[in-house]
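First the structure, in the form of structure tokens, and then the observations on it.
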Amino acid sequence: MESRPSSLFELSLDESRARLSSPQPKTEIERPCTPGDGVEVWSSELLLQKAKLWDDTPPNASTLGLWVPASGAATRMFRPLHDKPQACESLWSAVDDLALGRAWLAAVEAKGLDPKQCSAAEATSVLLTLMKEGTIPKGLVSFHMQDGGEGTETAFEAHVRSWSRLVDEPAVWFTVQEEHVMDIEAHLHGSSVSSLNPRLAFEVQDSATDMPVLDQEGAWMKTEGGAPLKRPGGHGALLTLLEEVSTPMFVVRNIDNAPSPARTELRELWTKALVAEARAWAEEREALLREVEASPERVVAWLQVQGVTCHAGDVAGLEAQLARPMRLVGVVRNEGQPGGVPFWVRVASGVDAGSVRPQIVEAVEFGEDNRDVLAKATHFNPVDMVCVVKPGQSLAPYVDESRYLIAEKKVKGKDAKVLEHPGLWNGGMSGWLTRFVEIPAECFQPVKTVMDLVGRK
């Protein structure tokens, strides 16, 4: 693929070492976003009113798309089967009710084993081989039963199916690893969802954003050729791919939060309401842009609700502040799930340095001295958000570069220190105009491990 221009996502070895050799920057948390203070809670009546706005003027594929980060492999998904015998027993006992069960049983029989006699350990070994030890993309794993158990559905298919119910011939972007593009494309074009005529795009993270790896002795890990070994720099590096989305509005969802058939209608209702509200919010912004010279005080008041610092006498500055990308983020009640949490944060760098603004913060960004604030969080970010971005708009100016992440991981079987860019919906979207809306927990259906598929409806 053609190389993109150099950006803040491409760091030199010296810059990378400086970050890896310093403590993880501490994100300055002011307080959690809570109902009435950063989190909107809609009544059932208001929800239906907003959904009706969609029905009155439904978007089409040229105005609304779906964007799904899907480059992750299923490695972590199948990890419990490597070190938890009880997990193997539980999964094997549920084989008849799993969407992947039919293929699993067929593979067991092809191995010459009797499914009624073989042990859970033997069956698990067959499953791990079938799943290439978890190296296949998570989106290619069968998540759901369909047609009364006669058919199955992968996560890729589920996203296309559910989105096609909302938009005819939908535009869907999947970010994937380059080596899997052909398999994923063949899978979707050969499945039943191809009859829905989706406009599919498979985006690949730019290798120029990969990051070097530091070993425990403080030396760069090397490839066989002697060059510094690099690995993908986290989902924050996907930000440049958002600039290539051609629709002015798009919904972002994680690949493992694919709507199941049983919950599709509820997810649809909330998607309609969120999109309609984001559209109304964007139209409100456009009206303010037209009135900025005549009513700068209104613009200032509107932006200050977001924690954006501005001055009525600076018309050009107000226009620039209004031109920010926007996101309406669904959040669910916090039930201890790992991941991002909405907080009011004093921004450390970028366009909002010094301002207190609503942000999504990962647990790894907390220091020991402010973990008590994390415990007070009332909501969790399931990554279900409506974004409003002018096609081709540069998103780099709205990144808080100070929110990069340092992690300890196994690389080639060795302990290593790795660097990741500011998370896509964390520091990567720091400067976006942001609103949080509470959505039902039933709209959050993560598949973090294969055990989450047991009893999935």
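The values are calculated or read from the model by the stated rules, or taken from the named source; none is laboratory data. Not measured: the values here are computed from a predicted model. So basically every Cβ, Gly included, is an ideal-geometry build from the backbone, and we count neighbours across all protein chains shown. For accessibility, only protein heavy atoms count, side chains too; no ligands or nucleic acids. Shrake-Rupley method; radii C 1.70, N 1.55, O 1.52, S 1.80 Å.
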Report task. Read through the list (1) closer than 30 Å to Asp14 by Cα; (2) modelled with pLDDT under 95, then give the number of the only condition that Thr175 fails. Result -> (2)
Query raised in the report: In the stretch 225-243, which residues are touching a strand residue (DSSP E or B) at 6+ places or on another chain (Cβ under 7 Å), open to solvent by 40 Å² or more (accessible area, probe 1.4 Å) and farther than 18 Å from Asp384 by Cβ?
Result: Pro228, Lys230, Arg231
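Based on what the data block shows, is Val315 aliphatic (A, V, I, L, M) and open to solvent by less than 40 Å² (accessible area, probe 1.4 Å)?
Taking the combined requirement at face value, the residue does not satisfy it.
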Report summary line: Per the list (1) open to solvent by less than 20 Å² (accessible area, probe 1.4 Å); (2) under 21 Å from the mean Cα position of the chain (by Cα); (3) more than 26 Å from Lys50 (Cα to Cα), residue check on Arg253 breaks on (3)
Report summary line: Over the stretch 410-451, the set of residues without any contact (Cβ under 8 Å) to a residue 24 or more places away in the chain and either under 24 Å from Leu266 (Cα atoms) or outside any loop (DSSP other than H, G, I, E, B) (or both) is Lys410
Query raised in the report: How many residues does the stretch 209-252 hold that are in contact with a helix residue (DSSP H, G or I) (Cβ under 7 Å, 6 or more places away or on another chain) and within 30 Å of Leu166 (Cβ to Cβ)?
Result: 5
**Report entry** The lone exception for Val356 - which of (1) more than 23 Å from the chain's Cα centre (by Cα); (2) under 16 Å from Pro397 (Cα atoms); (3) surrounded by 14 or more Cβ atoms within 10 Å (Cβ to Cβ); (4) not aromatic (Phe, Trp, Tyr) it fails
**Finding:** (2)
Query - helices (runs of 4 or more DSSP H) enclosed by the stretch 1-104 - at least 1 residues per element that are within 25 Å of Asn257 (Cα to Cα) and open to solvent by less than 20 Å² (accessible area, probe 1.4 Å) - result: 44-56, 80-83, 85-93
**Report entry** Residues (closer than 26 Å to Lys272 by Cα, touching a Lys or Arg at 6+ places or on another chain (Cβ under 8 Å) and β-branched (Val, Ile, Thr)) located in the stretch 387-429
**Finding:** Val388
Report task. Enumerate the pairs (first residue in the stretch 216-244 and of a type outside the set (Gly, Ala, Ser); second residue anywhere and in a helix (DSSP H, G or I)) with beta-carbon separation below 6 Å, excluding pairs fewer than 6 apart on the same chain, so at least 6 apart or on different chains. Result -> Leu239/Gly428
Query - Selection status of Gly307, part of a loop (DSSP other than H, G, I, E, B), at pLDDT below 95 and open to solvent by 30 Å² or more (accessible area, probe 1.4 Å) - result: no
Requested in this report: Kindly list, by first and then second residue, each pair from a residue in the stretch 48-67 that is hydroxyl-bearing (Ser, Thr, Tyr) to a residue that is in a loop (DSSP other than H, G, I, E, B) and open to solvent by less than 10 Å² (accessible area, probe 1.4 Å), limited to pairs with Cβ atoms under 8 Å and residues at least 6 apart or on different chains.
Outcome: Ser62/Thr247; Thr63/Thr247
Query raised in the report: Does any residue of the stretch 276-287 turn out to be crowded, with 16+ Cβ neighbours inside 10 Å, at pLDDT 90 or above and in contact with a Gly (Cβ under 8 Å, 6 or more places away or on another chain)?
Result: no
Report summary line: By residue number, the members of the stretch 145-162 that are buried (at least 21 other Cβ atoms within 10 Å of the Cβ) and either farther than 19 Å from Ser71 by Cα or of a type outside the set (A, V, I, L, M, F, W, C) (or both) are Met145, Glu153, Thr154, Glu157, His159, Arg161, Ser162
Requested in this report: Out of Leu374, Leu328, report the one residue that is within 29 Å of Gln445 (Cα to Cα) and modelled with pLDDT of 90 or more.
Outcome: Leu328
